[in-house]
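Chemist: Here it is: the structure, laid out below.
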Amino acid sequence: MRTRRPSRITGPTTRAGARVAGFNDRHLRHPGLQRLSRDTYLPRALADDVGARLAAVLLTAPPSAVASHLTAAAMWGLQVPLQDRDDGRIDLTVPGATRAESRRDRRVHRLALEADDVTHRWAHPVTSPARTWRDLAGVLEPAALLAVSDQLVASHCSPPDLERQLARRPAGRGSARARAVLPLADPRAESPMESVLRWLLHVARLPRPELQVDIRDGSGFVGRADMAWPDRRVLVEFDGDLHRGRDVFVRDLRRQNRLIAAGWTVLRFTSADVLGRPDDVVATIRAALR
């Protein structure tokens, strides 16, 4: 059986760039290459790499184009839950009037940019963390925006940074959402789905929980609760994929027994609960707090 040679094109390119490098249309039809849009190409091995896709898109984008929105979120290492809008396209913001249009490989946003809204990451222009937050407020649901906000204030910027971005663009798409979410941003949140659960509690007007609460009994430290209401001896744990391992499962059971013996009501939920039956989750916590 004849083995096809790998493509000699090893990085992002355009049709014109390929011809300058000595390649022809036959080389561009190699199965190891993926045509992103019109005349933009990328090796298939790099198709899932957001940095490589961005580099390819920027080859035919206006010089003023800046990675933004969901692309910027990925570049800053932010996990965005509840996201079914991410179709793999690169988000670009272009300030002012240009002929740039959205294509199969890019989503173009026409928004003004201040000088400090733009920085560089992976050698590419990208919106700053705070500006990325303000842009995401226009496209994300509040629960997902809270998850992003928690991550940002934990690692990239402070609540005042986000407040300044909101003050810079106080009206328009996403402004009300940003204003509602910002007071709840908390660097102690340890997972996006915990943030989603906190938003559910906020909307249900339940008392605001304390996060990452150290619990002790007569023998000493028992564990750290994701969220708790110490005055009511109620705690909530979100069990992600990590908790499916046998060793973790055994430790969780032993800790839960100690917590119950110490007089705590322990409630544990998974993403199937938070996403699939949110009303039941809220009702269960409300009943425990009573």
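Chemist: Can you tell me which residues in the range 213-242 are among the polar types (S, T, N, Q) and surrounded by 15 or more Cβ atoms within 10 Å (Cβ to Cβ)?
Modeler: None - no residue of the range 213-242 is among the polar types (S, T, N, Q) and surrounded by 15 or more Cβ atoms within 10 Å (Cβ to Cβ), so the list stays empty.
Chemist: Could you list all residues from the range 102-126 that are hydrophobic (A, V, I, L, M, F, W, C) and surrounded by fewer than 12 Cβ atoms within 10 Å (Cβ to Cβ)?
Modeler: A112, A115, A123 - these are the residues of the range 102-126 that are hydrophobic (A, V, I, L, M, F, W, C) and surrounded by fewer than 12 Cβ atoms within 10 Å (Cβ to Cβ).
Chemist: Another question, if that's okay. Which condition number in (1) of a type in the set (A, V, I, L, M); (2) at pLDDT 90 or above; (3) in a loop (DSSP other than H, G, I, E, B); (4) not assigned by TED's automatic domain parsing to the domain that holds V153 is the one that I9 fails?
Modeler: All conditions pass for I9, except number (2).
Chemist: Small (G, A, S), closer than 30 Å to L140 by Cβ and under 19 Å from the mean Cα position of the chain (by Cα): does that describe A228?
Modeler: Values: small (G, A, S): yes; closer than 30 Å to L140 by Cβ: yes; under 19 Å from the mean Cα position of the chain (by Cα): no.
No.
Residue by residue, here is whether (1) modelled with pLDDT of 90 or more; (2) among the hydrophobic types (A, V, I, L, M, F, W, C); (3) part of a loop (DSSP other than H, G, I, E, B) holds:
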| residue | (1), (2), (3) |
| --- | --- |
| R53 | yes, no, no |
| V57 | yes, yes, no |
| T60 | yes, no, yes |
| G77 | yes, no, yes |
| P81 | yes, no, yes |
| D84 | no, no, yes |
| D87 | no, no, yes |
| D91 | yes, no, no |
| R99 | no, no, yes |
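Chemist: I'd like to check something: does the range 21-37 contain any residue that is part of a helix (DSSP H, G or I), buried (at least 20 other Cβ atoms within 10 Å of the Cβ) and of a type in the set (A, V, I, L, M)?
Modeler: no
Chemist: When both residues are 6+ apart or on different chains and their Cβ atoms are under 9 Å apart, which pairs have a first residue that lies in the range 155-182 and is assigned to a helix (DSSP H, G or I), and a second that is among the hydroxyl-bearing types (S, T, Y)?
Modeler: P159/S149; D161/S128; L162/S149; Q165/S128; L166/S175; A178/S149; V181/S149; L182/S149
Chemist: From G77, G96, G11, which residue is in contact with a strand residue (DSSP E or B) (Cβ under 8 Å, 6 or more places away or on another chain) and surrounded by fewer than 17 Cβ atoms within 10 Å (Cβ to Cβ)?
Modeler: Result of the check over G77, G96, G11: G11.
Chemist: Does any residue in the range 264-290 that is farther than 14 Å from L200 by Cα come within less than 6 Å, Cβ to Cβ, of a residue that is part of a strand (DSSP E or B) and of a type in the set (D, E) six or more places away or on a different chain, and which pairs are these?
Modeler: Qualifying pairs under 6 Å: R268/E237.
Chemist: Okay, next question. Among the numbered criteria (1) within 21 Å of the chain's Cα centre (by Cα); (2) in the same structural domain as G77 (by TED's automatic domain parsing), which one does P170 miss?
Modeler: If we test P170 against (1) within 21 Å of the chain's Cα centre (by Cα); (2) in the same structural domain as G77 (by TED's automatic domain parsing), just (1) comes out false.
Chemist: Quick one: would you say T119 is out of contact with any Leu (no Cβ under 9 Å at 6 or more places or on another chain), assigned to a loop (DSSP other than H, G, I, E, B) and not assigned by TED's automatic domain parsing to the domain that holds P278?
Modeler: Working: out of contact with any Leu (no Cβ under 9 Å at 6 or more places or on another chain): yes; assigned to a loop (DSSP other than H, G, I, E, B): no; not assigned by TED's automatic domain parsing to the domain that holds P278: yes.
Considered against the rule, which asks whether it is out of contact with any Leu (no Cβ under 9 Å at 6 or more places or on another chain), assigned to a loop (DSSP other than H, G, I, E, B) and not assigned by TED's automatic domain parsing to the domain that holds P278, T119 comes out as no.
Chemist: Additional query: Which residues, taken from the range 187-199, are assigned to a loop (DSSP other than H, G, I, E, B) and either surrounded by fewer than 19 Cβ atoms within 10 Å (Cβ to Cβ) or touching a Gly at 6+ places or on another chain (Cβ under 9 Å) (or both)?
Modeler: Once the filter is applied, which keeps residues that are assigned to a loop (DSSP other than H, G, I, E, B) and either surrounded by fewer than 19 Cβ atoms within 10 Å (Cβ to Cβ) or touching a Gly at 6+ places or on another chain (Cβ under 9 Å) (or both), the range 187-199 yields P187, R188, E190, S191.
The values are calculated or read from the model by the stated rules, or taken from the named source; none is laboratory data. These numbers come from a predicted model, not from an experiment. Every residue, glycine among them, receives a Cβ derived from its backbone with ideal geometry; neighbour counts consider all protein chains shown.
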